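Have a look at the structure below, then the notes.
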Amino acid sequence: MTMPWNEQASGSTQPHEAGESDSLKLLPLWSIILAILVFVGSQWYFDSAPPSHRRPGTLPMHLIMGYMTSAALSSYILLIGYVSRDVKRRNMSAALWMLLVVVMPGGIGAVVYFLLRQPVMIRCPSCNTELAAGLHFCPQCRFQVAPVCGQCFRGVQITDAFCPQCGHDVSQDGGPARLHAYSDS
């Protein structure tokens with residue numbers, strides 16, 4: 001994922017569109033299609049049960065339970081698809097985590113995955129070293145990958161005029177030109 005302050009450094013000239021959703025790109029097409037098929041199939045299964053096997057007056061409950069079961073199965077398939085893409089993005093063992101998420105009952109594997117997953121890694125535009133997403137400087141080449149206050153060196157937003165921690169005037173720091181891509185001046 002390219003941060004707004006890294007777009008000019010990486011050579012990208014296209015602006016990031018506000019309507020674009022990066023989280024939906026993590027759902028693979030196979031999981032979306034399979035979730036739709038499972039939802040439709042389980043709805044057909046619940047609706048095709050002969051009315052003679054149902055007690056009188058239980059039709060609304062039967063429809064609600066069919067819908068809830070279909071939605072739960074489809075959501076679980078989408079969750080498996082998300083984990084299959086997210087695990088690769090975080091450089092973790094895909095086979096191990098997919099097995100854990102699929103085999104552990106009741107979604108416990110997915111909960112364990114979300115508790116133990118590694119942070120998203122980004123690459124330094126200067127030396128191509130893998131960095132944790134929260135770092136402000138590359139530990140290999142000291143390249144500034146995120147805006148920081150010139151006085152306390154804590155992270156600031158690119159639109160901040162003053163540091164929220166110490167009150168320092170961030171616009172006077174003279175940071176790299178690539179970090180001023182979205183500023184007013």
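The values are calculated or read from the model by the stated rules, or taken from the named source; none is laboratory data. Everything quoted here is computed from the prediction, not taken from an experiment. Methodologically, a virtual Cβ is constructed for each residue, glycine included, from the backbone with ideal geometry; neighbour enumeration extends over all protein chains shown.
When Met92, Met121, Met104 are checked against the criterion of being at pLDDT below 90, surrounded by 15 or more Cβ atoms within 10 Å (Cβ to Cβ) and not aromatic (Phe, Trp, Tyr), Met92 stands alone in meeting it. For the stretch 50-72, the condition of being assigned to a helix (DSSP H, G or I) and within 24 Å of the chain's Cα centre (by Cα) holds for at least one residue.
A Cβ distance below 7 Å, combined with a sequence gap of six or more or placement on separate chains, defines the contacts here; from the stretch 106-122, residues that are at positive phi reach residues that are modelled with pLDDT of 85 or more and part of a helix (DSSP H, G or I) in the pairs Gly107/Tyr76. Of the residues making up the stretch 71-116, those that are closer than 26 Å to Leu131 by Cα, of a type outside the set (Ser, Thr, Tyr) and in contact with a helix residue (DSSP H, G or I) (Cβ under 7 Å, 6 or more places away or on another chain) are Gly81, Val83, Arg85, Asp86, Val87, Lys88, Ala94, Trp97, Met98, Ala110, Val112. When you look at Gly81, is it within 16 Å of Leu27 (Cα to Cα) and either at pLDDT below 80 or not in a loop (DSSP other than H, G, I, E, B) (or both), yes or no? So Gly81 passes the test.
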